[in-house]
Amino acid sequence: MAAHRCGLSLVCILIFSSLAHPSSCDTLEKANDNTAEKRSISEVNTDGSVAGEALNERQWQSTDAEVDRSDSTTHSEALTPAAARDEFQEELVIRPLHSGDIYASFQFRTLWDTDFLQEGQKVSHYRLFPKSLGQVLSKFSVRELHISFTQGFWRTMQWGQPFIPSPPGAELWVWFHDTVSDVDGNWKELTNVLSGIFCASLNFIDLTNTVQPSASFKPLGLGNATDHRFLRYATLPREIVCTENLTPWKKLLPCGSKAGLAVLMKSEKLFHSSFHSQAVHIRPICQDEQCSSKAWELRQTLNVVFDLHTSGQGKKEWSLFKMFSRTLTEACPLASSSKVYVDITDNPEGELFELSPATPLLGQAVVLGDRRTYSVYDLSRAETFGQLRSFNLLLRWKGDSGDMLRPLLHAERYVAGFGLQTGEIHTVIYNNHPYRAFPVLLMDSVPWYLQLYIHTLTVTSKSRDNKPSYIHYQPAKDRHRPHLLEMLIQLPPHSMTEVTVQFERALLKWTEYTPDPNHGFYVGSSVVSALVPSMVAMRTNFTQDQPLFSSFVPVKEESSYFVRVYTEPLLVNLPTPDFSMPYNVICLTCTVVAVGYGSFYNLLTRTFQVDEPSPPLSKRLANLIRRMRGVPLLT
Amino acid sequence: MGLLSDPNRRKALTGLLTRLNTPICIVCYLAGIVWFMGLAFEPFTLRTYMSENAMGSTMVEERFSSGERALSLAKEFDAHKRKAGGMPVEWLVKAMQSRGLEVFTQSFSRKLPFPDENKERYMVRGTNVYGILRAPRAPRTEALVITAPCSPGNTNNQAVALLLALAQYFRNQIYWAKDIIFLVNEHDLIGTQAWLEGYHHTNITEYISGSLRGRAGSIQAALSLELSSDVITSLDLVLEGLNGQLPNLDLANLFYAFCQKLGVLCTIQGKLQRNDWDTAEGYTHAAQTMMLMVLKQACGRSWGDHGLFLRYHIEAASVRGINSFRHYKTDATTIGRLLEGMVRKLNNLLERLHQSYFFYLLPSLSRFVSIGYYMPAFGLLAVILLLRALDLWVHLGAPALAAVDGVTEAEQPSSPGVLTVLTPVVISHLTGVALYLLPVHLQEMAVEHFPVSETEAVVLTAIAIYTAGLALPHNTQRLLSGEGTEQGWKVLKLTALLYLAVLLGCTALINFSLGFILAVTLVPITASITPALYAVVMVLLSPAFTILYCVFIYQELIEAPVSVSEGWMLFLSVISQGILDHALYGSLVYPLLALFIYPCWLMFWNILFWN
């Protein structure tokens, strides 16, 4: 058996090295030759039990090769003329979660080698890139745009980290080009235009909920712009995401929802889930390795978590059909790559769940600091669909659902206290790493009607004061801008850090209340951004499957990974007048009481004197004469 | 106002008021009592109706069907409870986890200021277990709470089991918009209080409790479930909460609507509703129900686990299953459906319950008396105090009135100094402070010197201080100014009357029942007090005796009359419970009585011994 394994790994290495390519610009598929080598070694364990012939067919698929530009252009050259220089990729990652739920993440990536922001060049010929977005980018000189619509809250404790985190409601953050002179004006117009494109209430974004974070949101694409004057960030925690937002989002895809993975997106199923998040990320990236020119990347993501209890009817069995009420029949013809990945990391021997149809392809990538293994189904190959010409992935759980997870970084937030005058916002950040401390950036944007008492700000970890090394605080202006608080906090290992700040609830003008004032007012999620030491680096005892020389110093890019964690939004009740009939009664009664009280008080404090009526004219004249004569006056 | 600014007419009016003062006062008093008793007369009351649109027209369909499973769960729970000798925390955690909830526990401990003899506890240590059903696609901003206390013995097993069965059923539904928290609390109110304080991160009553890990945003409403038998004959709704706070009337309407829909007998104050309002029995029945509510509300304690939620602006009510000897029985499935319906309607809420009344009295579940109707009854009583004060004011000012057109007259030699009035005021209040502080703080000393238990020590110390207060202050003014003057006690009475009017007015705004009961007993005696009055009458209408009368009336109303000695024992336990409620849950009735009402009454007592 051992000899078998060695032989297999050799084969694998050979196959791999013929496919492997060094460059990678995709975070998900970040892997290098070094790890590939390790992979192939560990793979033997994974599939030792499979029959020999199948083993030979099984091959390690280099995820990098697909991403690589030169490779894909050769692919697409057959399909399209070279002048277009754009390409489209689609993929679906399915991750079975410990709780028995299932996480499906769609990613669609359109890449276009053109520069919208170049002076004097008007881009008018669009192929794969949606024209509506391209025009927006060039009109408002947008350098980078990230927008997400989320319905639900990502349960980190049960589901682990998402691939792309997003806060409940709508989130929009935009880096403008540094040539823009009137950023606020552009921002206002941009939000209104996006509001139209996505059928969302983004037009409610105005200066009262826009902030300019100084450190938390750095550009993800090209360019080192760090002047946060050109950054705008806003969330609408109340935004409700539904089909009307999904349809315009689907329209941005080159195949629409007609072909490819997008056929799975039927709203009646997507919204029968525990979590739904759709996002659009646009950023400039390098066109080639030298980075001589820019390309634009449009990444559309859709994440959805299906609940075992509500959609699974308690049966621990998932299939594409059960999840989406559709199966896959073809890849999008315009796509250069179209793949379905299933995370089988926790299932090396098939003891946790059973996957059918089985796939010969395996992929491995370091995602969020953890090395994950994926079964890969390539939809561009006919054999994926089998004889029935339809691909329906079936996943049958065998094991029991696990306990709650302990993600390395986790944050939650709540309002403490009672009554309608004051309160306290508590943000609790957990570092569950057993021995590493790491810093996190906490960003809090609080609307002006919660008047923060910044002098009550305390940060405590392990019941000791924890002084933030960096604080950026911008106080609110009533009715003009929100509070912005950014802090760099060092989290001690295995600790709970609590950030508290007290606030007073403002009494709004009566026209400023929403139509449902007793529902409460939302405070957007706070954002925790951190470089978290990765799980891979945490495993010090991994000598069994790996050569010793590879394991002493953790590889730099794997040693920590970037994570953004959003806390739950808050719902805060403000002192609210009763707007119904009794309110009028109170107003009226108060007026009456005020008038009555005034008169009574007046009566009680005034002393009365009888006023002498003034004497008639004749008497006054007589008195005048008498005074001149020196005779006593008449009374 | 022209009437009053004309000095002559004003003089006539004040003359009229002073001349007819006593008859007017008597008429007001009688009118107040009659008005109050008339509130229970059905034609004068309003029919309840659902104000909240979100709960009104959208009738939900109840599909809960695992009542039988709940009953077998109850047996299992009972077995585990016996085995664990208390709350079976591990079993509960497992049971909730297997139903797909996020489960958390909170441990707490509290040392009572003195042993609670009713519930036999002193050092309380316990654990709350709660599971959160996360609503799909909801951002954890709103939550509903269903709680069932884990009581000792074999009571309330069915409630916990039904809670778990509901959790299982609810978990499989997609329509939840708010998270639902299923809480099983140990040591009834203490557990609830610890959990609420943990959830809101406050500490008002010195609990030592572990911090809470799982939260679900702001809680919109809560239901507490008490169920001790497999079948029930009726469901009782308990509304009275801490400090006489009541939940929004819509919650009671919701309960009533579902009882009607599912054909469940429902009661309030344990009394069924009658339809024969035009007969004397019908009226008496309604009046009894209302009086019970008034008495319960006045005592300011929480009559169920729901009562503590009200402080946090969470509308809450307790639903209590009653099994009596009627033929008509309701099974667990129906109760489950009733709760399902209520929770689903609450889940539909877009805003907090705010449409309907917060201040009301219920002569029956389908009739209510709103604040606008019952306040005049109190107003009629309170106006007596003001009339008497006016009368005194006029009498005191009479010599000054004579000198109206004279420029200024010298200070009247007979006018009492500030000191004569201030001294009794200060001494009364110091006695009040002693009554508030000493019983609890002196218990150890009392136990050392007398053969009594701690609880008895506290109660007896309180009574001793109360009685000592009667002996203490009544001759201070003689030390200061020799003989007490007519003028002196009148000024003191005027001050005390105004003070009492303000006190009762404020109390009635917060807790109408307490204000009204105090007014009924205190107003006649304080209005008519002169140094010539008999001290016995004064004592018989003192706050302590008011409590005693309330005990007897309450026992009479719940159809469990007691003898004098039993009544006395109940009275003692009421006092100890009042002090405990203040220490444990922050009830304000004991401090109000000790620090304000009793000193105020002492000021009148002072007048009795003026000469």
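Here are a few things to note about the model shown:
- Assigned charges on the beta-carbon of Lys, Arg, Asp, Glu; chain B dipole about Cα centre (debye): 1260
- For segment B:250-349, the Cα-based Rg and Dmax, in that order, read 15.2, 42 Å.
- Between B:THR155 and A:THR514, the C-beta separation translates, for a Förster distance of 51 Å, into a calculated FRET efficiency of about 0.70.
- The ranking of B:HIS327, B:HIS201, B:HIS449, A:HIS276 from fewest to most other beta carbons within 10 Å of each one's beta carbon is B:HIS327, B:HIS449, B:HIS201, A:HIS276.
- Computed P(r) (all Cα pairs; segment B:276-326; 10 Å bins; percent): 21, 32, 35, 13, 0
- Over all pairs of different C-alpha atoms in chain B, the reciprocal of the mean inverse distance, the Kirkwood hydrodynamic radius, equals 26.7 Å.
- Across segment B:461-611, Cα-Cα distances exceeding 23 Å account for 41% of all pairs.
- Overall dimensions of segment A:406-447 as given by Cα atoms, namely Rg and Dmax in Å: 13.8, 42
- From phi via Karplus (6.51, -1.76, 1.60), per-residue ³J(HN,Hα) for segment B:11-23 in Hz, x at Gly/Pro: 4, 5, 5, 5, x, 4, 5, 6, 5, 9, 4, 4, x
- 5 Å binning of all Cα-Cα separations within segment B:175-289, expressed as whole percents from 0 upward: 2, 8, 14, 17, 18, 15, 10, 7, 5, 3, 1, 0
- Rg followed by Dmax, in Å, when segment B:12-58 is reduced to its Cα trace: 20.2, 62
- Shielding by partners - mean other protein chain Cβ count within 10 Å, residues of B:128-140: 6
- Column: log10 I(q)/I(0), Debye, Cα scatterers of segment A:125-267, q = 0.12, 0.16, 0.21 Å⁻¹: -0.55, -0.97, -1.45
- Highest average packing first - B:220-233, B:23-36, Cβ atoms within 10 Å: B:220-233, B:23-36
- Dimensionless Rg ratio for segment A:364-492, taking C-alpha atoms and the 2.2 N^0.38 Å reference: 1.67
- Local electrostatic count at A:TYR473 - Lys and Arg +1, Asp and Glu -1, tallied over other residues with Cβ under 14 Å: 0
- Each peptide in B:343-355, A:383-395 receives the mean, over its residues, of other Cβ atoms within 10 Å, and ordering these scores from highest gives B:343-355, A:383-395.
- For A:LYS122, the lysines whose Cα falls under 16 Å of its own Cα, not counting residues fewer than eight places away in the same chain, are A:LYS131, A:LYS139, A:LYS294.
- Using the Cβ-Cβ distance between A:ILE586 and A:GLU383 with R0 = 51 Å, the FRET efficiency computed as 1/(1 + (r/R0)^6) comes to roughly 0.10.
- Beta bridge orientation in the protein assembly as shown: antiparallel %, DSSP, nearest 5: 85
- Debye-sum result for segment B:16-167 in log10 I(q)/I(0), which assumes one identical scatterer on each alpha carbon, at q = 0.14, 0.17, 0.18 Å⁻¹: -0.89, -1.07, -1.13
- For segment B:452-611, with +1 on Lys and Arg beta carbons and -1 on Asp and Glu, the positive-most of B:THR507, B:LEU580, B:TYR534 along the dipole: B:TYR534
- Å³ per residue enclosed by the Cα convex hull of segment B:485-550: 73
- B:ARG121 paired with B:SER229, simple spin-label distance in nm, labels 7 Å along Cα-to-beta-carbon: 2.5
- One equal scatterer on each Cα of segment A:480-532, no solvent, Debye formula: the resulting log10 I(q)/I(0) at q = 0.31 Å⁻¹ is -1.54.
- Across the alpha-carbon set of segment A:295-358, the Rg to Rh ratio works out to 1.02, Rh being the Kirkwood radius.
- Taking N as its residue count, the alpha carbon Rg of segment A:251-362 over 2.2 N^0.38 Å: 1.31
- The spacing between segment B:491-554 and segment B:416-451, judged by their C-alpha centroids, is 20 Å.
- Placing a label point 7 Å from the Cα of A:ASN192 along the Cα-to-Cβ line, the residues of segment A:221-262 whose backbone N sits under 20 Å from it are A:232-236.
- Extension gain, B:HIS441 to B:ASP276, is 54.1 nm, computed as 0.36 nm per intervening residue step minus the present C-alpha separation.
- Extension gain for the segment A:ASP465 to A:SER599, taken as residue separation times 0.36 nm less the Cα-Cα distance, is 42.5 nm to one decimal.
- Assigned charges on the beta-carbon of Lys, Arg, Asp, Glu; segment A:218-293 dipole about Cα centre (debye): 220
- Electrostatic dipole magnitude of segment A:213-349 [Cβ: Lys, Arg +1; Asp, Glu -1; Cα centre; debye, to 20]: 440
- Label point distance in nm, A:LYS315-B:SER211, each placed 7 Å from Cα along Cα→Cβ: 4.5
- Each peptide in B:72-78, B:143-149 receives the mean, over its residues, of other Cβ atoms within 10 Å, and ordering these scores from highest gives B:143-149, B:72-78.
- With pairing defined as another cysteine C-beta under 4.7 Å, the cysteines of chain B that fail it are B:CYS25, B:CYS28, B:CYS150, B:CYS299, B:CYS506, B:CYS550, B:CYS600.
- Over the residues of chain B, the helix contribution to mean residue ellipticity at 222 nm works out to -17500 deg cm²/dmol, using -39500 (n - 2.57) for each DSSP H run of at least 4.
- Neighbour cut-off at most 12 other Cβ (10 Å), DSSP loop, trypsin sites (Lys or Arg not before Pro), segment B:252-313: none
- Relative contact order (%) - segment B:85-192, alpha-carbon pairs under 8 angstrom, separation at least six: 32
- Counting every alpha-carbon pair across segment A:199-243, the share separated by more than 17 Å comes to 46%.
- When DSSP beta bridges are restricted to pairs lying wholly in chain B, around 55% turn out antiparallel.
- Spin-label proximity, A:GLU504 to segment A:462-480 - amide N less than 16 Å from point 7 Å beyond Cα toward beta carbon: A:476-479
- Principal axis box of segment B:517-571, alpha-carbon based, largest edge first, Å: 39, 20, 11
- When the P(r) of segment B:80-153 is calculated, the portion above 15 Å amounts to 66% of the C-alpha pairs.
- Over the protein assembly as shown, equivalent-ellipsoid semi-axes from the Cα gyration tensor in Å: 72, 39, 28
- Averaged over the residues of peptide A:166-173, the number of Cβ atoms from other protein chains lying within 10 Å of each residue's Cβ is 1.
- Shielding by other protein chains, A:406-416, mean Cβ within 10 Å: 2
- Of A:LEU507, A:HIS483, A:THR497, farthest towards positive along the dipole that unit charges on Lys, Arg, Asp, Glu beta carbons give segment A:475-515: A:LEU507
Since every read-out is calculated from the coordinates, none of them should be taken as a lab result. On a predicted model such as this, the values are computed, not experimentally measured, just so you know. Glycine gets a Cβ as well: all are built from the backbone with ideal geometry, and neighbour counts include every protein chain shown.
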